[in-house]
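Below is one structure; the comments refer to it alone.
The values are calculated or read from the model by the stated rules, or taken from the named source; none is laboratory data. Here the structure is a predicted model, which means the values were calculated and not measured. Ideal geometry is used to build each Cβ from the backbone, glycine not excepted, and the neighbour counts take in all protein chains shown. The protein model used for the area step is the full one, side chains on, heavy atoms only, and it has no ligands, DNA or RNA in it. Shrake-Rupley method; radii C 1.70, N 1.55, O 1.52, S 1.80 Å.
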Amino acid sequence: MSSTQKDVKKLQSAYLQNVEKLNQGFRLENKARRPKETPDFLRKSEKQRKTSTKTSQQHVSRTSTQRLSRDLTCSICLDLFKQPVSLPCDHTFCQGCIAGYWAGPGVPGQGGPGTPGPEGSCPQCRKVSPGQSYRPNRIVANIVESYSQGLLEEENGPGFRLREVEEVEEEEEEVEEVEVEEAAPPPLAPRCLRHHEELKLYCEEDQELVCLVCGISQEHRSHNLLCVQEAEQRYKASLNSSIDSLKAELNSALRCDREAEEEVKKLKEHTADLKQRIEAQFSDLHQFLYQEEKLLQVKLKTEERRELIRLDEHKALLCVEISRLQGALQEVEEQLQEEDPFTLLRGIKTLLQRAVVKFERPLLTPPSLCEGRFAGPLQYRVWKSLKGSLYPVPAPITFNSSTANPWLSLTSSLTCVRYQTFNRAVQDNPHRFNAALSLLGSQGFTHGRHYWEVEVHSSAVWTLGVARESVDRKGVIKALPTNGFWTLSLSYGVRYSAGTAPPTVLVLEEPLGRVAVYLDYKRGLVSFYNAESMTHLYTFRERFSETLYPYFHLGFLDKVHENEPLKVFTPKI
């Protein structure tokens, strides 16, 4: 608090100097001039402007002095404050005046200092102060002292100073070499709009700059005031801390932006990988279909050539017959053209024998391409041929009876399981589920891609998927990925969900009759499909490091209604 009072005292001293400048006018400094003659009309205009400025400054000075004198006057003795003190209500009086007022009727200022009166109230607002106390007001005391010194100096020599200023101005006006384009004056300090004083204080409550007169006014008297320099340092420190906080927030935002960019990069890489795999799969299909097409075309071409060769042989026989008939015809025509009758009749016997020539038609079997061999159910035949290229081929899954809960009954083929109302007498082992109505498949997977299907037509409560070999099989089981289970389930025939935490509810267009499970061990994928339409249902992503087994759970309805069985289905391709 002492440092603040010192700063305020410095401000008050500066304020006194400002008042003195306003009363005396501003002393102009002699500056270097460039040799240039100033026109008469410019010199007269400049003199009128200075005279107007001087008159305005004197008017502002008188107004500010009167307002400041009124604010520094005690309302009891009607004189400037002497040892000013402030009551809890923030009204200020002379120490002697308030003490005399509290002491009772008498001359103001005659009461003992600090002696409370009968009521201890404020003479201005009549508010009774608890304890009838007051506190010295150092700020007002310093301002009164500065104001008094200013008045004293003004009374001692204002005329001399004014004459001195006028003489200096006249000497400057008479200088012949004057600079028309003067350097720009230094920026003026901002002033209060109400009192036209320099803004040298900062009010923390109203968060605004105020002058010294505002600081002692009723509006700001009870507020916490700081000098501009101290307020600047304090708020600069606050802004520096805000900068640190904003930098931290900016770094967090930039980090999130980098993470988003990484996600975009991962998405693009994943998309490119899936695109490449799709193209590879269909490329294999295209290659297979292309080879099938080419093979069938080669067979068709071979059959065509065989038939063409047979037709060529038939045409060769026809050419021989045609040539023989043409020869006989030509010989007869030549004999008919003979004019000598003796010559004609001499060889008529032989000629008649040659004229009776018969066409020996070669045997021809019509060519035929087998329609059924090259057409027919072509797509079905190709699909049949395609089954040898399918991967993965549906796996023939069977149940492992040594892992089945004693309340579960298996068929002899180990492909159907149902809940039974009595407990089978089976030997317990570490691999058997003893509480959950669950069991595992016999086939374990440590690599590659695998696919199998399970019939769930009539079952109302079931869970199926894959499980790690090391899953807990005793007691109550939560089939969650954190526990080594990746599953799909149906609850009481009404809600399909994926085994996540919390469960992911699946909205399906139609009930599931057969569920397909796809496992890609290397890529860490477990996917579920509607096996009848191959509609995708849900996919888990995980890193696998141990053997995985098909997992099955048959729920319990109640004591009256038994749940329907689960059946492993192996498609016949």
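Descriptive notes on the structure:
- Across the range 248-258, computed HN-Hα scalar couplings (Karplus, 6.51 cos²θ - 1.76 cosθ + 1.60, θ = phi - 60°) run 5, 5, 5, 4, 5, 5, 5, 5, 5, 5, 5 Hz from first to last residue, x flagging Gly and Pro.
- Spacing of the modelled spin labels on T535 and R495, each 7 Å from Cα toward Cβ, amounts to 2.0 nm.
- Distance in nm between pseudo-label sites at S545 and E334 (7 Å out along the Cβ direction from Cα): 10.6
- Put V213, V426 in order of accessible area, highest first, and with a 1.4 Å probe you get V426, V213.
- Near C192, once Lys and Arg are set to +1 and Asp and Glu to -1 for all other residues with Cβ below 14 Å from its Cβ, the sum equals -2.
- Packing, taken as the mean count of other beta carbons within 10 Å per residue, orders the peptides 219-230, 501-512 from highest to lowest as 219-230, 501-512.
- Here the spin labels are modelled as points 7 Å beyond Cα on the Cα-Cβ line, and at V357 and A460 they lie 9.7 nm apart.
- Heavy-atom accessible surface of the range 455-573: percent carbon and sulfur, 1.4 Å: 51
- Geometric descriptor of the range 449-548, per residue, is 104 Å³ (volume of the convex hull of the Cα atoms).
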